[in-house]
1. So in the stretch 38-64, with the set limited to residues that are of a type in the set (S, T, N, Q) and touching a residue at least 12 places away in the same chain (Cβ under 8 Å), which one is nearest to T20 (Cα to Cα)?
2. Go through the stretch 25-42 and give me each residue that's in contact with a helix residue (DSSP H, G or I) (Cβ under 9 Å, 6 or more places away or on another chain) and surrounded by fewer than 16 Cβ atoms within 10 Å (Cβ to Cβ).
3. Based on this model, can you work out whether R14 counts as of a type in the set (D, E, K, R), modelled with pLDDT of 95 or more and not in a loop (DSSP other than H, G, I, E, B)?
4. Considering the stretch 47-80 alone, what residues qualify as being among the β-branched types (V, I, T) and surrounded by 13 or more Cβ atoms within 10 Å (Cβ to Cβ)?
Amino acid sequence: MNIYKGRNSCYYRREGILVTHDWEIPEMIMRDLRRGYTYDHECNVIKMDEDLAKARLAFLVRITTDELAREKARKYLHELKEERRVFIY
């Protein structure tokens with residue numbers, strides 16, 4: 001199951017948040033990092049740490065065709081690698 005995007009996503013099913021564009025996903029990943037938890041592909045709550053956030057951002061950079069999503073993911077990934085935690089929420 002998709003964690004972030006669409007009506008069948010964990011975010012929509014668990015929180016009622018509908019993410020419709022790839023460029024929204026990097027912000028959701030950073031939101032998860034700030035609050036300390038996220039969902040796995042079965043919508044179970046799991047701990048979100050910097051390693052998981054980096055992995056998800058790097059994966060998004062590889063799979064997305066949305067240039068804005070790729071740019072945002074790279075920016076947040078760079079900030080995390082430099083240990084500058086930037087939160088948008």
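The values are calculated or read from the model by the stated rules, or taken from the named source; none is laboratory data. Source: prediction; values computed, not measured. Cβ placement follows ideal geometry from the backbone for every residue including glycine, while neighbour counts extend to all protein chains displayed.
1. Within the stretch 38-64, the subset of a type in the set (S, T, N, Q) is 38, 44, 64.
Okay, now just the ones that are also touching a residue at least 12 places away in the same chain (Cβ under 8 Å), so 38, 64.
Numbers: T38: 18, T64: 13 Å.
The qualifying residue nearest to T20 (Cα to Cα) is T64.
2. Start the filter on the stretch 25-42 by keeping residues that are in contact with a helix residue (DSSP H, G or I) (Cβ under 9 Å, 6 or more places away or on another chain), which leaves 25-30, 32-33, 38-42.
Of everything in the stretch 25-42, those that are in contact with a helix residue (DSSP H, G or I) (Cβ under 9 Å, 6 or more places away or on another chain) and surrounded by fewer than 16 Cβ atoms within 10 Å (Cβ to Cβ) turn out to be D40, H41, E42.
3. On the way: of a type in the set (D, E, K, R): yes; modelled with pLDDT of 95 or more: yes; not in a loop (DSSP other than H, G, I, E, B): yes.
Yes; evaluated as a whole, the condition is true for this residue.
4. In the first step, residues of the stretch 47-80 are kept if they are among the β-branched types (V, I, T); the result is 61, 63-65.
Of everything in the stretch 47-80, those that are among the β-branched types (V, I, T) and surrounded by 13 or more Cβ atoms within 10 Å (Cβ to Cβ) turn out to be V61, T64.
Residues are listed down the side, and each one gets a yes or a no for (1) closer than 14 Å to E27 by Cβ; (2) aromatic (F, W, Y); (3) modelled with pLDDT of 95 or more:
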{"position": "D40", "(1), (2), (3)": "no, no, yes"}
{"position": "C43", "(1), (2), (3)": "no, no, yes"}
{"position": "L52", "(1), (2), (3)": "no, no, yes"}
{"position": "L57", "(1), (2), (3)": "yes, no, yes"}
{"position": "T64", "(1), (2), (3)": "yes, no, no"}
{"position": "E71", "(1), (2), (3)": "yes, no, yes"}
{"position": "H78", "(1), (2), (3)": "no, no, no"}
